[in-house]
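Here is the structure we will look at, set down as structure tokens.
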Amino acid sequence: MKKKTLIEIWGDVVAVKSLVISILVITVTTMGAHLLAPRDDRTLGLFFGLGGAILGFVIMTLTLKPKRHVIDEEAAHRD
Amino acid sequence: MIELGLLGLMVVAALSAVLIYTVVGFVPGTDETSVLYPISLALVLTGAHPMIVLTFFIASIVTLNLTNAMPTALVCLPGGVMSSPMIEHAIGIKAKGRSAEIIPKMAAASAIGVAISVPVALIIANLIIPFAQNIRDYAAYLFVFGAIFLSLTSRHKALSLASIIPLAMLFMSLRHLYWGIGAVPETQVVTVSFFLGITIGPLLVSLFRLMNRGMLKAVEVDDHKTITVPADTNQKRTLNPFKVLTKEERRHASLSALIANFLFVLSPVGLTILIGQAAGARAKREEDRADVTMTSMSALIQATYMSGIIIPLLALGLALSPVALGPGAALFNTPPYFTVENNIHHILTGWQFTVVVVLGAGMAMTLSYLLISRYAKPITMFILRRIPHEAVLGVFVAFIVLLAYMDAGLINIFGVLLVGLVCGTLNKMGVNYGVQFMSLYAAPTLIGFLLGVF
């Protein structure tokens, strides 16, 4: 398996490829939903857009794994 | 009098704000303006009653400011821009294994910050009201003075001063381009999406650098980020905010919060650093310094935001503070619901305003205080294990694209990109957000000066 390129950006670690995919997917769901709303209704347009952003966020959250090793000190002590 | 139905809706608004921003606040790296503005804008655009809008907004900032401090204290990742100055102290406290101790202290100090700044800001606002018309007459010049003043108080004075007019040129040239090609009618002044462009600038610059192979190599890391979440030892501790803090911490937090109210026109993050470090430096014992700084900063974050929104909104109806210009912009100017001549300032009476602020801040503070004191750790664990940073950054970019498009169509997506790249580059060089925001608002006046119209 080819090793992923990991980078640190804004205080956390991400994989470059996942970052690009994530930005594309969420932007597409957001704008897609926004364009589905009636053109003359600014309120619905914003709501559809925000809804699309949430949808994209959920999709990416379910498909990507956070690039963090989380160690719970409490659990470590109990062992 | 407020009717019961409206009061019920205000309670619902405050509860929703607490729920939404507890979750958002725990996600590391969520910039305050980018998460506060779109949701409050959405609420304004529904045509909701101004009292509901204001309750929601006040509850949002109180909750967000408190929960943002949690990832900071627990895992040393800043929850937002405001908690970034705490990081160095958070690292020291964590190294000593005292994170679980500092969290209730920060929550208590945060409560003190709200409890002091709400009444003080309301009093200051009432004192300013008689002079409001004079201040409004000079508002255009105030932004110019603001840009100069913030430059002179920043770390890179000459650099900031030198950036003001070029930035004004950038904003005005985009506006004139849009008017010239008919992207927006000449009555529409594109502002909010430029504002968000400034906010997201540093992230955009970081993303653009990734497209340069050499710069990509520079930020490359070998492995995932290792984050240890400290054990939560004293679950059964007291919830009384006064017993959690030492006398010294209480005194510094209260005093810091009080001072911040009078400086509401200055940048909240700047004030938090300035006053917070000063409070820490005055701690009697060296080993208490980090705790005093962290608790004072927690109080300051709330106080700067509360005064920054309450005073301009109640006294002036003009967005004359960085908080009002940024996260709170929707409350001042969202045509047709709110305009510069008719916004929450003009619609609500002083009494209604006071009830709303006290109710919103009180409910949010109580609820999020209880939530934090009990569940800070499980929520942090959940977010760290489940929410990928890629998705968070993706949502930011998508928000900006959406709001840019809604403001002035497809062309403005690239306009905002241009604003972001210029402002982000200047930001990384040392021109702070405050100077950039003020330049945006002063832009028409500045360009007028250049033409000799004045």
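The values are calculated or read from the model by the stated rules, or taken from the named source; none is laboratory data. Please read these numbers as outputs of a predicted model, since none were measured by experiment. With ideal geometry, Cβ positions are generated from the backbone for all residues, glycine too; neighbour counts draw on all protein chains shown. Calculation scope for accessible area: heavy atoms of the full protein, side chains included, ligands and nucleic acids excluded. Shrake-Rupley method; radii C 1.70, N 1.55, O 1.52, S 1.80 Å.
Being in contact (Cβ under 8 Å) with a residue 24 or more places away in the chain, within 14 Å of another protein chain (Cβ to nearest Cβ) and under 21 Å from B:Thr63 (Cβ atoms) is the requirement here; does B:Phe399 meet it? Yes. A:Val20: in contact with a His (Cβ under 6 Å, 6 or more places away or on another chain) and either buried (at least 21 other Cβ atoms within 10 Å of the Cβ) or at pLDDT 90 or above (or both), yes or no? Answer is no for this residue.
Counting only helices (runs of 4 or more DSSP H) that fall entirely inside the stretch B:213-290 and contain at least 3 residues that are farther than 18 Å from B:Ala90 by Cβ and open to solvent by less than 60 Å² (accessible area, probe 1.4 Å), the qualifying elements are B:213-219, B:247-262, B:268-281. Exactly one residue out of B:Gly394, B:Gly415, B:Gly362 is of a type outside the set (Phe, Trp, Tyr), modelled with pLDDT of 90 or more and within 30 Å of B:Lys225 (Cβ to Cβ): that is B:Gly394. B:Lys377 meets each of the listed conditions (1) more than 14 Å from chain A (Cβ to nearest Cβ); (2) at pLDDT below 90 apart from (1).
Taken residue by residue, the stretch B:305-317 has no member that is at negative phi, assigned to a loop (DSSP other than H, G, I, E, B) and under 22 Å from the mean Cα position of the chain (by Cα).
Annotation note: Cβ proximity below 7 Å between a residue of the stretch B:141-156 that is surrounded by fewer than 23 Cβ atoms within 10 Å (Cβ to Cβ) and a residue that is at pLDDT 90 or above and not in a helix (DSSP H, G or I) (sequence gap 6+ or interchain) occurs for B:Arg155/B:Gly430; B:His156/B:Gly430; B:His156/B:Val431. Looking only at residues in the stretch A:24-41 that are facing chain B (nearest Cβ under 7 Å) and in contact with a Phe, Trp or Tyr (Cβ under 9 Å, 6 or more places away or on another chain), the one that is surrounded by the most Cβ atoms within 10 Å (Cβ to Cβ) is A:Ile26.
Exactly one residue among B:Asn234, B:Asn261 is more than 24 Å from A:Leu24 (Cβ to Cβ) and at pLDDT below 90, and that residue is B:Asn234. Among the residues making up the stretch A:44-73, none is in a helix (DSSP H, G or I), within 18 Å of A:Trp10 (Cβ to Cβ) and either more than 7 Å from every other protein chain (Cβ to nearest Cβ) or touching a strand residue (DSSP E or B) at 6+ places or on another chain (Cβ under 7 Å) (or both).
Is there a residue being within 14 Å of chain A (Cβ to nearest Cβ), touching a Gly at 6+ places or on another chain (Cβ under 6 Å) and either modelled with pLDDT of 90 or more or not in a helix (DSSP H, G or I) (or both) anywhere in the stretch B:90-97? The answer is no, given that none of the residues of the stretch B:90-97 is within 14 Å of chain A (Cβ to nearest Cβ), touching a Gly at 6+ places or on another chain (Cβ under 6 Å) and either modelled with pLDDT of 90 or more or not in a helix (DSSP H, G or I) (or both). For the stretch B:44-85, the set of residues classified as closer than 21 Å to B:Val118 by Cβ, of a type in the set (A, V, I, L, M) and not in a loop (DSSP other than H, G, I, E, B) consists of B:Met51, B:Ile52, B:Val53, B:Leu54, B:Ile58, B:Ala59, B:Ile61, B:Val62, B:Leu64, B:Leu66, B:Ala69, listed by residue number. Residues that are among the basic types (Lys, Arg) and buried (at least 17 other Cβ atoms within 10 Å of the Cβ) within the stretch B:157-182 comprise just one, B:Arg175. Looking across the stretch B:28-42, the residues that are buried (at least 22 other Cβ atoms within 10 Å of the Cβ) and β-branched (Val, Ile, Thr) come down to B:Thr30, B:Thr33, B:Val35. Looking across B:Thr354, B:Thr349, B:Thr334, one residue alone is without any contact (Cβ under 8 Å) to a residue 24 or more places away in the chain and of a type outside the set (A, V, I, L, M, F, W, C). It is B:Thr349.
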